[in-house]
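The structure appears below as structure tokens.
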């Protein structure tokens, strides 16, 4: 997402959506740092792995970026929320496993990231209902 969010920001038309993408890019960079810290806590070396689910959503988002405003923003927002939901699922699962394994420090870091992902999802829903979806409906 660190590579994809700037592209989504460029494609977005709505200032609110652009701002949300920029904010989440900064948060995502911190999420990567937190994950590195989690790996230190568990004594493992982080390895970059590709998530097929996220890559599928990113591919879908790339196709959406070829669309026309204002439906473009609605599509970008939908793709962004799909990624958020996938990330929330993963962070929630990892947090639970960390708790079950007695890794409270790792669980705390994962919970912080989960909370931020949930806040982003709520913010995107607000942008969708107050701005983006209304603009798309007007143009339809």
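The numbers here are math on the coordinates, done by the rules we state, and not lab data. Just so you know, these numbers come straight off a predicted model, no measurement behind them. Here Cβ is always computed from backbone atoms with ideal geometry, including for glycine, and neighbour counts include all displayed protein chains.
Between 0 and 90 degrees, the angle of helix 71-100 with respect to the longest Cα principal axis of the chain falls at about 10 degrees. Against the chain, whose longest principal axis comes from its Cα atoms, helix 52-64 is set at around 20 degrees.
Taking the Cβ-Cβ separation of residue 130 and residue 53 as r and a Förster radius of 25 Å, what is the calculated FRET efficiency to the nearest 0.05? The value I calculate is 0.30.
Quick check of the Kirkwood formula: for region 70-140, what is the inverse mean of 1/r over all pairs of different Cα atoms, in Å? The Cα-based Kirkwood calculation yields 13.3 Å.
Inter-part distance, region 87-109 to region 24-79, computed on C-alpha centroids, equals 19 Å. Counted over all Cα-Cα pairs of the chain, pairs farther apart than 21 Å make up 44 percent. Counting beta carbons within 10 Å around each of 64, 22 and listing the fewest first gives the order 22, 64.
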